[in-house]
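What follows is a short report on a single structure.
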Amino acid sequence: MKWIAVDYGERRTGLAVCDASELIVTPVTPQIEEKSLNKVAEAAAAARLAQGAEGVVYGTEGSRANKSRRFAQRLANTAGVPVVLWDERRTTVTAAGILSANSTFGADRKARLDSVSAAVILESFLAWRKAHPGEEPPEVAAPTAPEQA
């Protein structure tokens, strides 16, 4: 199954996708350069369709967990598919280490950091799926029907 991961940030949102065999994870560039929750959700939903991803993984937890859960619900509603919520703590540190190891600094690093963080989130989720075949992820935001006026 092809998945897309979303690493929502205050200034930038990173994306990463995997192939249908769930073996190869690739950061998506350019990152989403938006601040509005609604606009980021729309852009991420459009990226899901453009990448042909069937599932969405969203990094949550850490200091912004409440805002993250609100965004995950908005993304599920906008994309029309469930969004798996996945622990993203320390992914930015890991991504920065990966970029440093590959001599990626300055503007180039800034342009890739959130997408590499999304790739770290997706790799973690895919490793869990491999170790837990057939199990449902621990936390999922399901799309809800729009409220009737």
(message) Out of 44, 53, I need the residue that is in a loop (DSSP other than H, G, I, E, B), buried (at least 19 other Cβ atoms within 10 Å of the Cβ) and among the hydrophobic types (A, V, I, L, M, F, W, C). Which one?
(response) 53
(request) Go through the range 93-127 residue by residue and tally those that are surrounded by fewer than 15 Cβ atoms within 10 Å (Cβ to Cβ) and at negative phi. (result) 10
(request) Those residues that are open to solvent by less than 50 Å² (accessible area, probe 1.4 Å) and either among the polar types (S, T, N, Q) or touching a His at 6+ places or on another chain (Cβ under 7 Å) (or both), I need them from the range 56-71; list them, please. (result) 60, 68
(message) So the check is Cβ under 9 Å with 6+ separation or different chains; which pairs have a first residue in the range 107-127 that's more than 11 Å from residue 92 (Cα to Cα) and a second one that's crowded, with 21+ Cβ neighbours inside 10 Å and among the acidic types (Asp, Glu)?
(response) 124/88
(request) Identify, by number, the condition in (1) closer than 21 Å to residue 3 by Cβ; (2) of a type in the set (Lys, Arg); (3) in contact (Cβ under 8 Å) with a residue 12 or more places away in the chain that residue 70 doesn't meet. (result) (1)
(request) Write out, first by first residue and then by second, each pair whose Cβ atoms fall under 9 Å of each other, whose residues are 6+ apart or on separate chains, and whose first residue, in the range 6-32, is among the aliphatic types (A, V, I, L, M) while the second is open to solvent by 50 Å² or more (accessible area, probe 1.4 Å) and part of a strand (DSSP E or B). (result) 15/27; 15/29; 16/26; 16/27; 17/26; 17/27
(request) Within the range 1-36, track down each residue that is in a strand (DSSP E or B) and among the small types (Gly, Ala, Ser). (result) 5, 14, 16
(request) Within the range 1-58, track down each residue that is of a type in the set (Gly, Ala, Ser), in contact with a strand residue (DSSP E or B) (Cβ under 6 Å, 6 or more places away or on another chain) and more than 11 Å from residue 121 (Cβ to Cβ). (result) 43, 44, 47, 53, 55
(request) Kindly indicate whether any position in the range 72-92 is over 17 Å from residue 125 (Cα atoms), at pLDDT below 90 and open to solvent by 80 Å² or more (accessible area, probe 1.4 Å). (result) no
(request) Hey, could you check the range 128-147 for residues that are outside any helix (DSSP H, G or I) and among the aliphatic types (A, V, I, L, M) and say which is surrounded by the most Cβ atoms within 10 Å (Cβ to Cβ)? (result) 141
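The values are calculated or read from the model by the stated rules, or taken from the named source; none is laboratory data. Here the structure is a predicted model, which is why all the values come from computation and not from measurement. Note: ideal-geometry Cβ built from the backbone for every residue, glycine included; neighbour counts use all protein chains shown. Remember, those area values only see protein heavy atoms, side chains included, never the ligands or the DNA or RNA. Shrake-Rupley method; radii C 1.70, N 1.55, O 1.52, S 1.80 Å.
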